[in-house]
1. Considering only DSSP states other than H, G, I, E and B, which trypsin sites (Lys or Arg not before Pro) in the range 183-248 qualify as loop sites with at most 14 other Cβ atoms within 10 Å?
2. Return the loop-located trypsin sites (Lys or Arg not before Pro) in the range 337-416 (DSSP other than H, G, I, E, B) with at most 15 other Cβ atoms within 10 Å of their own Cβ; answer none if there are none.
3. Quick check of the Kirkwood formula: for the range 351-597, what is the inverse mean of 1/r over all pairs of different Cα atoms, in Å?
4. Quick one: what are the phi-derived ³J(HN,Hα) couplings along the range 465-471, Karplus 6.51/-1.76/1.60 with θ = phi - 60°, whole Hz, x for glycine and proline?
5. When Rg is the radius of gyration of the Cα atoms in the range 287-423 and Rh is its Kirkwood radius, what does Rg/Rh come to?
6. If you keep only loop residues by DSSP, which chymotrypsin sites (Phe, Trp or Tyr not before Pro) in the range 187-288 have at most 16 other Cβ atoms within 10 Å of their Cβ?
7. Which value, in debye to the nearest 20, describes the size of the charge dipole of the range 405-471 about its Cα centre when Lys and Arg Cβ atoms bear +1, Asp and Glu Cβ atoms bear -1, and nothing else is charged?
8. Which value, to two decimals, describes the C-alpha radius of gyration of the range 490-571 once divided by 2.2 N^0.38 Å?
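No lab work stands behind these numbers, since they all come straight from the coordinates. The structure displayed is predicted, hence computed values, not measured ones. Note that we place each Cβ from the backbone using ideal geometry, even for glycine, and neighbour counts take in every protein chain shown.
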Amino acid sequence: MYVNKLNQLFRPERVLYYREASEEDIALIGGGKKPGSAQACGGCFGAYDQTGIFFLKGYDKPVTGVEYRMDDKRIRYPETEHTVLGAAFFYSIEIDGEIEISREAITKFFTELGRDNEAVRLFTELSVSEESGIIGVFAGGMGRKLRILYEGRVDVDRSEGIIMDDMESLDRSLLYRMAFSDPITGHHNWNHLVPFLEMPMHKGIRDYAFAHFDIKAFRVINEFFGHNVANSVLCRVVKAMEEADFIYTSARCHNDNFAMLIKDMPQEEMLEKLKAFFDGLSRLDEDPDYRIYYRCGLVPMQRSMLLGNRVADAGKFAQAMGTKLGETEITVYTDEIHEDIMWSNYIKAYVDTAIAKDEFTVFLQPKIDAVSGKLVGSEALIRWRYKGEELLPPSRFIPFFEKDNTVGKIDDIVLKKVCEALAEWKKEGRALCPVSVNLSRKQLYDRTLTEDLLRIVDSYGTDHSLIDFELTESAGYEDAEHMIRVLNELRESGFEVSMDDFGTGYSSLSLLTEMPLDTLKIDKSFVDKIGIAGEEENDIIVLKHIITLAKELGIRCLAEGAESREQVDRLVELGCNIIQGYYYSRPIPIAEFEKKYL
Ligand code: C2E
Ligand code: MG
Ligand code: MG
């Protein structure tokens, strides 16, 4: 198999239209310049070295073409086809060895991929396939690189002949401006950057880094200072990008998002330059007291070159990792981030299979009353028997699943397994103790949460009071009212509720008085401070007050993560009797838990 590299295109809602360029087009778009390096590359089939214009040879006659990109709502993205290629949208495939650019060669290529009956067709410039309605153009190859451009399947009634007719009636210069420039700042838009990323060498660029950034709290500028001011901020950013000596080219992508191709230099130096660049843009002329901060993702040179057009995703990903308020953040896209993304994409694609194969399993960790030494409950903690082998802890998958809604499926599995175990214990006449189940933050915003949980629990005939839902406080709830509503709903349905990891969030103490809670789980980080060499009196005072406050509010207190006798004794002294920690037991498989505790 000779596929070396496969670049999948991000999913644009637009089509590339190609038509043969007239002299007028070339004058307008290329400033009278025909694509030079493309024409010069003797052996190659066609090329694309200038935004908006490409050169093709290898069909009946050499063609200089104009490219138009337009939003087109008719584009449909087939989900199931082209599975070998991952999606219908690919555009850069490298092929080893000689390429004979002919229909036969391409057909052979796909045949060897086992997709010979695929609705993949090749067209000459400006063509629409006979049956499938795919619009595309088969552009050319550079050396060993074969480029195939397809950007979408267009759902068209062929009898309308709509595409061709539209093309003829369009105002070309307007179309071109719409396609490649940004109406607000007059600067380039994203489309302008595409050929730079696809074929940097045609632009005389050998090494570059990529940055994608946006303006923090841009909405505030818009709402507080008005659209005109906000637009002038965008224009100032554009001006600075144009003036900076370390930028090859740049674009305003959408809203307050910008992208730039940066000249290669040592990373330290690049970060310094970027920092100075953003500092220079931190003031608002209209209000000298207001500070503008930026959120920037930087993809270093090696990665940028490797990723080609997908570099934008990497840049945006790193950009999104900047979450602090009140400062400019530049996040470098590192190998670890890359690995995480690959892992995350992989496990998301694999998770349904894993569920079908019953790879997820539940461990239980006991909660013990330190005074009586008796079991008072347990917490269900998920483990993943990945591909039937390695046992993965939740930190390897829950954070990735929390980014979309996959985590909901996982939580449902845990709840089902817990109900199953409780039903089994009941049947066997064992003593029943409540089991805690973790709910992810994401689910809190699921409107039908309580309903869905009730459906599962009732399908097993489980007594509601035996289930305790743990919600984590860790990131601070922007929407405390909403959380209180959900907690109330759960309690009204007869479930118990706990606040997990208490003390790690922002809102802690003030919220306590309002939260309808049964149990407060004091985070391990507090427990860690007990009995260590540098133990601080202040930490102990805080802990003591949390315990006292909870008690006075009628909330049960539990301490997580006690590992030593000393910690347990001190917690009891401070008034917290219920302990969950390695001192008593690690999380263990359900069967082992039954044997030891029930
Ligand atoms: P958590 O809910 O705060 O769970 C307690 C974690 O602390 C567990 O880690 C437990 O094994 C660990 N732990 C308990 N005692 C000790 C101790 O004495 N020493 C140390 N070093 N660790 C202790 P685990 O099982 O790795 O779970 C980590 C987190 O993953 C959980 O924190 C919870 O937030 C999440 N998680 C686990 N299972 C689920 C699940 O089914 N659904 C969801 N949404 N999240 C889950
Ligand atoms: Mg928990
Ligand atoms: Mg916890």
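1. On the way: sites: 203, 206, 216, 219, 236, 239; in loops: 206, 216.
Sparse-neighbourhood loop trypsin sites (Lys or Arg not before Pro): 206.
2. 357, 374, 403
3. When all Cα pairs of the range 351-597 are included, the Kirkwood radius is 18.7 Å.
4. Karplus-based 3J(HN,Hα) across the range 465-471 equals 5, 8, 10, 10, 9, 9, 10 Hz.
5. Rounded to two decimals, Rg/Rh equals 1.14.
6. Working: sites: 190, 196, 208, 210, 213, 218, 224, 225, 246, 248, 258, 277, 278; in loops: 246.
Answer in residue order: 246.
7. Dipole magnitude for the range 405-471 comes out near 120 debye.
8. Output field value: 1.13.
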